[in-house]
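Okay, structure first, notes after.
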Amino acid sequence: MSRFLDGHAGVLGRLALRNVRRQGRRSILTSLAMVVGIGLLVFSRSMADGGHEDWIDAGVRLGSGHVTIQSPDFATRRTLAERLSPTDLEAALAAVSDVGREGGILETATRLEVRGLASSPGGALPVVVAGVEPDVESRFSQLDERLIDGEYLPDGDELAAFVGVDLAERLDLQLGSRLVLTGQDAAGDISGQLVRVRGIFRSGLPEVDTRIVHVRLGIARDWLGAEGSATSVALLLESSSLVDRSARRLGQLLADVPGADVLTWPEAMPELEAAVRMDDFGDYVFHIITLIIVALAVINTILMSVLNRTREFGVTRALGMTRRDTGAQVMIEGVLLSAVSGFVGIVLGLAVTWVFFRNGLDFSGLMENGMEAAGVIIDPVIYPKFRLPTLLGSVGFVFAIGVGASIYPAYRATRIEVAEAMKFEA
Amino acid sequence: MTHEPTAVTTAAPAVRTKGLWKIFEHDGIVVEAVRDVDLTIERGDFVVLAGPSGSGKTTLLNMIGGLSRPSRGRIEVDGRDITDLTESRLARWRLDRVGFVFQAYNLLPVLTALENAEFTMLLRGIPPEERRSRVEELFAEIGMEGLEGRRPGKLSGGQQQRVAIARAVVGEPALVLADEPTANLDSKTSDGLIDLMSRFNRELGTTFIFATHDTELMRRARRFIRLVDGRVVEDERRDAPA
Ligand SMILES: Nc1ncnc2c1ncn2[C@@H]1O[C@H](COP(=O)(O)OP(=O)(O)OP(=O)(O)O)[C@@H](O)[C@H]1O
Ligand SMILES: [Mg+2]
């Protein structure tokens, strides 16, 4: 027994420690509740984070990337008038290469997008035509992986078009079919371009499968009279956690280019951000319910142990401990019990998640043709993601449970009257 | 932690009560457990409170020890008036000045015999070396050498009471209050305990006040006080202590 364990604090700490140990079985029961509760929490949190990473990944690939550089008004107006001029585009690409791979940028897709009409002898439908660089885009959007017929914008075929399966069906298009794209060009005039269907994809998402047409960037520029310019530069990053840092860097580099705005994916795609938040909120509700159940189990354990030790508290009070000492002793016991079992819970939750689910949890049985959330197709296999803030959050929860669950029992312990307590046998 | 100054004058008796009453009231039922007790107990005395069950022995002892407050009257212990002390001051005062021995389950089950005996010294922040040497000495005196590391659950009832007695006297209190310390024990064991306390009383000069039904303990008292219905009905000094 060391010197600094002397005095009240030391005695209380030692008593608490011994009591938690003595109540082995009860502590184990509480631990179990904690372990299951916290474990579930860690598990569901990692899976949710993993799922959201998938959503974000799918969303940014099909949409505007983790970070996008575009003209300030493009987000709202979406016409060619709001495009990046050749000099703005040059500045943007220079800034991107400045940040580069070290800045976490994996892919840089230059796109010229226009809203227009696709017509064939079979009919006409409104579409979004994206002029893209095929080799970059195939890695970026991975839309070519969803190819069901033909090829993705083959080399040497300037007039190739890549269309969704629903569009093809409704306009009666096959491989080789001609298609006329009509849109407002850079000068504000309506102009048309003949293309040929070279590939057909199915994303599973009706909105994408009827509305998206990819053509080569070069032909789009010719058709729309937008030589050397683009509507956006979309960036794919190593991880969504790098978004803010990269966007800030690019923003600084492009500070004196008023025609080029840097947007992060939540800014560019608020509906995706909202979907992630909504799902998070659902998770939090679930977590809070779990925590309440765990807290009740802990309260019950500690309260029982207090009520069973009325005489003991009477003795320590008679010997000179104050009400506050007694309350503190119970608080320490509760926090200790929660800390130990919570720690075990966190470790176990992580271990179970890692051992059983690191190769992904397959939800494909639950959904047909993938799942759609906020206009994004999601891989039905979810991989857990372990994030430090999440873990720290769990540790915080454990502590909160320990403190919260000990308050009432500690209060009850302080209310014990010595003279009454001494009438108890044992 | 510093010791609170206690106004000790050589003339002050160990205990002095004046017009002491304890009245319990529950749901309109009023019990006068202690009625108008005036009592002066000299230092170093060995006093037994006797009387039928419900006569107020425990109630009186609890008030003297600062475990419950009188309804009326005043209590002085060792020259200090404790009647109006705040609860936390009372706790500190008990820690420094009073030793308690209860009927049973005196010891904390999670502490060893030795840790139980030094518990109040731990609370008072007495340095380990001093604590250790005092407790070791005491363990020899109570015949418990070799059992220092045992938990109470592994000690006999008599051994547990010995540790409780050691704990009560180790801080050199003004007063040791013992409520039926020998109940639940066979007569041989309880005689041994009485010998022990009597010896501490003689050697250390510790004042002992007992509440008991134990005739042997009554026989050994130097002062014998009988309560009936909360009143002192007999108060006898015996000059030949056992
Ligand atoms: N908290 C209380 N509330 C109400 N009445 C009480 C309370 N404590 C004691 N009493 C009553 O006060 C009276 C004295 O009780 P006390 O415990 O002091 O008796 P005692 O002499 O110690 O008895 P015993 O020999 O059985 O221990 C009894 O009538 C008892 O019922
Ligand atoms: Mg009694």
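The values are calculated or read from the model by the stated rules, or taken from the named source; none is laboratory data. Since the structure is predicted, the reported quantities are computational estimates derived from the model, not experimental observations. Every residue, glycine as well, gets a Cβ built from its backbone with ideal geometry; the counts of neighbours run over all protein chains shown.
Here are some conditions: (1) out of contact with any strand residue (DSSP E or B) (no Cβ under 8 Å at 6 or more places or on another chain); (2) touching a residue at least 24 places away in the same chain (Cβ under 8 Å); (3) assigned to a helix (DSSP H, G or I); (4) farther than 30 Å from A:Ser406 by Cα. A:Arg277 meets all but one. Which one does it not meet? If we test A:Arg277 against (1) out of contact with any strand residue (DSSP E or B) (no Cβ under 8 Å at 6 or more places or on another chain); (2) touching a residue at least 24 places away in the same chain (Cβ under 8 Å); (3) assigned to a helix (DSSP H, G or I); (4) farther than 30 Å from A:Ser406 by Cα, just (2) comes out false.
Inclusion of B:Pro70 among residues that are under 15 Å from B:Gln161 (Cα atoms) and either part of a loop (DSSP other than H, G, I, E, B) or within 16 Å of ligand 1 (Cβ to nearest atom) (or both) is not warranted. So for the stretch B:25-34 (the condition being away from ligand 2 (no atom under 13 Å from the Cβ), over 21 Å from B:Gly205 (Cα atoms), outside any loop (DSSP other than H, G, I, E, B) and within 13 Å of chain A (Cβ to nearest Cβ)), does at least one residue qualify? Yes: one or more hits. Criterion first (modelled with pLDDT under 85, touching a Pro at 6+ places or on another chain (Cβ under 6 Å) and surrounded by fewer than 21 Cβ atoms within 10 Å (Cβ to Cβ)) does A:Phe343 satisfy it? Against the criterion (modelled with pLDDT under 85, touching a Pro at 6+ places or on another chain (Cβ under 6 Å) and surrounded by fewer than 21 Cβ atoms within 10 Å (Cβ to Cβ)), A:Phe343 does not qualify. A:Ser191 - would you say it is under 22 Å from A:Ala109 (Cβ atoms) and of a type in the set (S, T, N, Q)? Against the criterion (under 22 Å from A:Ala109 (Cβ atoms) and of a type in the set (S, T, N, Q)), A:Ser191 does not qualify. Candidates in the stretch B:64-89 are the residues that are aliphatic (A, V, I, L, M), more than 9 Å from chain A (Cβ to nearest Cβ) and out of contact with any Ser or Thr (no Cβ under 8 Å at 6 or more places or on another chain); of these, the one that is surrounded by the fewest Cβ atoms within 10 Å (Cβ to Cβ) is B:Leu85. Return the residue satisfying two criteria in turn: it lies in the stretch A:401-426 and is at pLDDT below 85 and more than 16 Å from ligand 1 (Cβ to nearest atom), and of such residues it is surrounded by the most Cβ atoms within 10 Å (Cβ to Cβ). The qualifying residue surrounded by the most Cβ atoms within 10 Å (Cβ to Cβ) is A:Ile401. Residues in the stretch B:197-217 that are under 19 Å from B:Val37 (Cβ atoms) and within 16 Å of ligand 2 (Cβ to nearest atom): B:Ile209, B:Phe210, B:Ala211, B:Thr212. In the stretch B:49-58, the condition of being within 16 Å of ligand 1 (Cβ to nearest atom), in contact with a Lys or Arg (Cβ under 7 Å, 6 or more places away or on another chain) and either in a helix (DSSP H, G or I) or under 16 Å from A:Val11 (Cα atoms) (or both) is met by no residue.
Against the condition farther than 19 Å from B:Gly192 by Cβ, acidic (Asp, Glu), away from ligand 1 (no atom under 16 Å from the Cβ) and not in a helix (DSSP H, G or I), how does B:Asp84 come out, does it pass?
Against the criterion (farther than 19 Å from B:Gly192 by Cβ, acidic (Asp, Glu), away from ligand 1 (no atom under 16 Å from the Cβ) and not in a helix (DSSP H, G or I)), B:Asp84 qualifies.
Condition check for B:Leu39 on (1) more than 8 Å from ligand 1 (Cβ to nearest atom); (2) crowded, with 21+ Cβ neighbours inside 10 Å: one failure, at (2). Of the strands (runs of 3 or more DSSP E) lying entirely inside the stretch A:117-181, those containing at least 1 residues that are acidic (Asp, Glu) are A:147-150.
When restricted to residues that are away from ligand 2 (no atom under 13 Å from the Cβ), farther than 14 Å from B:Ile209 by Cβ and polar (S, T, N, Q), the stretch B:37-73 contains 1.
When the test is whether a residue is part of a helix (DSSP H, G or I), touching a residue at least 12 places away in the same chain (Cβ under 8 Å) and under 24 Å from the mean Cα position of the chain (by Cα), A:Ala297 does not pass it.
When residues in the stretch B:162-179 are screened for being of a type in the set (Asp, Glu) and within 16 Å of ligand 1 (Cβ to nearest atom), 1 of them pass. Applying the condition of being assigned to a helix (DSSP H, G or I) and in contact with a Pro (Cβ under 7 Å, 6 or more places away or on another chain) to the stretch B:146-161 and asking which residue is farthest from ligand 1 (Cβ to nearest atom) yields B:Gly153. Of all residues in the stretch B:98-120, which are facing another protein chain (nearest Cβ under 9 Å) and either part of a helix (DSSP H, G or I) or in contact with an Asp or Glu (Cβ under 6 Å, 6 or more places away or on another chain) (or both)? The answer is B:Phe102, B:Gln103, B:Glu115, B:Phe119, B:Thr120.
Has the stretch B:147-159 got any residue that is closer than 25 Å to B:Gly65 by Cβ and surrounded by 22 or more Cβ atoms within 10 Å (Cβ to Cβ)? No, the stretch B:147-159 contains no residue that is closer than 25 Å to B:Gly65 by Cβ and surrounded by 22 or more Cβ atoms within 10 Å (Cβ to Cβ).
Do the conditions hold for A:Ala255, that is, is it in contact (Cβ under 8 Å) with a residue 24 or more places away in the chain and either farther than 15 Å from A:Thr108 by Cβ or out of contact with any Pro (no Cβ under 7 Å at 6 or more places or on another chain) (or both)?
Details: in contact (Cβ under 8 Å) with a residue 24 or more places away in the chain: no; either farther than 15 Å from A:Thr108 by Cβ or out of contact with any Pro (no Cβ under 7 Å at 6 or more places or on another chain) (or both): yes.
Spelling it out, it is not the case that A:Ala255 is in contact (Cβ under 8 Å) with a residue 24 or more places away in the chain and either farther than 15 Å from A:Thr108 by Cβ or out of contact with any Pro (no Cβ under 7 Å at 6 or more places or on another chain) (or both).
Among the residues of the stretch A:299-318, those identified as among the aliphatic types (A, V, I, L, M) and either at pLDDT below 80 or surrounded by fewer than 21 Cβ atoms within 10 Å (Cβ to Cβ) (or both) are A:Ile299, A:Leu303, A:Met304, A:Leu307.
Of all residues in the stretch A:252-274, none satisfies being at pLDDT 85 or above and within 30 Å of B:Leu123 (Cβ to Cβ).
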